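The structure appears below as structure tokens.
The values are calculated or read from the model by the stated rules, or taken from the named source; none is laboratory data. All of these numbers come straight from a predicted model, not from anything done at the bench. Note that we place each Cβ from the backbone using ideal geometry, even for glycine, and neighbour counts take in every protein chain shown. Surface accessibility is based on the protein's heavy atoms, side chains included, excluding ligands, DNA and RNA. Shrake-Rupley method; radii C 1.70, N 1.55, O 1.52, S 1.80 Å.
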Amino acid sequence: MRKFVLSAILLSFPLASLAAIDIPDPSGRSGTPMKTSDFEEKLTFLKDKTKDQIGFKEANSSAKTYREYVDTRSVIEGGGSESDKRIAVKAMYALAKRGLPSALNYIGVMLSNGYLVERDDPAAAKYFYEGAKRGDLHAKHNYGVSLILGRGAIKNEKSGVLLLEQNAAKRLPYSAVACGIFYENRKEWGNAIKCYQGAFGFSEHPIARTRVAMMQIRGRVSNQKNFAEIKVSLNQAAKVWWPEAQWTLADMARYGIGSKPDPFQTAFWLRILAQNPNAKNTEFAKRAEVGLGELYLTKEASDAVNESVGIWLNGNQTVMPVIDYTRAVAEPSSGV
């Protein structure tokens, strides 16, 4: 049985240390995993003819209702009092019961991550299911991962990855990257690249660029390697501090992959990697330390590298933090 390993970078979900808030939904918190067949009836298009698991109403998708959701979420994620957060959680739950797709997903995220409420994976899966059925792409992503991992739902990798593929086609970067990682684990390179491409362009994501570049270097795509294009992709990812991209650029310079060996560029990327907060306590940090110890540069060359590193650091201060792709995600919030 293949293990589904998801680990990458994105905006992290905010945490707080409050007492668990009980959501009064006994039918949604039964602890019984949902049968995948209940969801698969119209899986491809997520029609509403599937069995309603909890009894939610259909969404009122007016701008006013969505504004309620945004305002409620800002209180939950803000720095207010515990009392205000409790009231806001109950308001979010009410929006979910009214069938608002974003609220259904958000309650699922809270339950899945144990954020302000007691963790309950089966209940989270049911909320994701209801949000996905009503067209919320993040709920669809979260339910897909729940199926792949068998977390709160009956394990079904085939159905789960299909949901990720559908989202990747709609250019949702969370799903595109998770889908690509899933197929890489299965050594299905063509499918992996197809997924990753959903995170290119408008929904740019450095993980996707790095992984495709790595597959190109290793000949997973074809024997024709466009190293100029590969380096552009890796530089894009390196600029937001993705450690694998920085290490690969150092390795390419060290061993002359795509060009002649370049000790200056090797030292340049290793020194940046050594300062990468996303590489702290990882194998990449150890590699950077070992690599720098093996390099010999004159004092002049070392000073020149340090000067170049300083210029680069001043111009590239946006750091994308690392999260676990198995963690449930909500849509990016604005102003929170």
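Taking region 263-286 on its own, how many of its residues are crowded, with 19+ Cβ neighbours inside 10 Å, under 15 Å from Val322 (Cα atoms) and hydroxyl-bearing (Ser, Thr, Tyr)?
0
Taking only region 84-97 into account, find how many residues are free of Cβ contacts under 8 Å to residues at least 24 places away in the same chain, open to solvent by less than 70 Å² (accessible area, probe 1.4 Å) and either farther than 11 Å from Leu116 by Cβ or of a type in the set (Gly, Ala, Ser) (or both).
Number satisfying all stated conditions: 3.
Is it fair to say Glu331 is open to solvent by less than 70 Å² (accessible area, probe 1.4 Å) and charged (D, E, K, R)? Break it down stepwise before answering.
Details: open to solvent by less than 70 Å² (accessible area, probe 1.4 Å): yes; charged (D, E, K, R): yes.
Against the criterion (open to solvent by less than 70 Å² (accessible area, probe 1.4 Å) and charged (D, E, K, R)), Glu331 qualifies.
(1) in contact with a Leu (Cβ under 6 Å, 6 or more places away or on another chain); (2) in contact (Cβ under 8 Å) with a residue 40 or more places away in the chain; (3) crowded, with 24+ Cβ neighbours inside 10 Å: which one isn't true of Gly144, the others all being true?
(2)
Among the candidates Lys239, Lys286, Lys280, single out the residue that is among the basic types (Lys, Arg) and under 14 Å from Pro206 (Cβ atoms). Break it down stepwise before answering.
Values: Lys286 fails: under 14 Å from Pro206 (Cβ atoms); Lys280 fails: under 14 Å from Pro206 (Cβ atoms).
Testing whether each residue is among the basic types (Lys, Arg) and under 14 Å from Pro206 (Cβ atoms) leaves just Lys239.
Taking region 173-191 on its own, how many of its residues are on the phi < 0 side of the Ramachandran plot and surrounded by fewer than 24 Cβ atoms within 10 Å (Cβ to Cβ)?
The number of residues fulfilling the criteria is 10.
For region 151-169, which positions are open to solvent by 30 Å² or more (accessible area, probe 1.4 Å) and more than 16 Å from Asn191 (Cα to Cα)?
Arg151, Ile154, Lys155, Asn156
Which residue pairs have Cβ atoms closer than 9 Å, lie 6 or more positions apart in sequence or on different chains, and pair a first residue in region 227-244 that is on the phi > 0 side of the Ramachandran plot with a second residue that is open to solvent by less than 10 Å² (accessible area, probe 1.4 Å) and of a type in the set (Val, Ile, Thr)?
The qualifying pairs are Trp241/Ile9; Trp241/Ile272.
Identify, from the list Tyr127, Tyr143, the residue that is at pLDDT 90 or above, more than 20 Å from Ser62 (Cα to Cα) and over 18 Å from the mean Cα position of the chain (by Cα).
None of the other options fit; the residue is Tyr127.
Would you please name the residue that is farthest from the chain's Cα centre (by Cα), looking only at residues in region 296-326 that are modelled with pLDDT of 90 or more and crowded, with 17+ Cβ neighbours inside 10 Å?
Val305
Since Asn113 meets every condition but one in (1) polar (S, T, N, Q); (2) open to solvent by less than 10 Å² (accessible area, probe 1.4 Å); (3) under 15 Å from Arg327 (Cα atoms), which condition does it not meet?
Evaluating Asn113 over (1) polar (S, T, N, Q); (2) open to solvent by less than 10 Å² (accessible area, probe 1.4 Å); (3) under 15 Å from Arg327 (Cα atoms) leaves (2) as the failure.
All but one of (1) surrounded by fewer than 24 Cβ atoms within 10 Å (Cβ to Cβ); (2) without any contact (Cβ under 8 Å) to a residue 40 or more places away in the chain; (3) not hydrophobic (A, V, I, L, M, F, W, C) hold for Gly131, so report the exception by its number.
(1)
Quick check on Thr318: is it more than 30 Å from Asp121 (Cβ to Cβ) and β-branched (Val, Ile, Thr)?
yes
Looking only at residues in region 227-262 that are outside any helix (DSSP H, G or I) and farther than 14 Å from Met214 by Cβ, which one is most open to solvent (accessible area, probe 1.4 Å)? Write out each step before concluding.
Just the residues of region 227-262 that are outside any helix (DSSP H, G or I), to begin with: 239-242, 256-262.
The next check asks that each one be farther than 14 Å from Met214 by Cβ; those that pass are 239-241, 256, 259-262.
Working: Lys239: 101, Val240: 29, Trp241: 17, Gly256: 23, Ser259: 56, Lys260: 168, Pro261: 89, Asp262: 57 Å².
The residue in question is Lys260.
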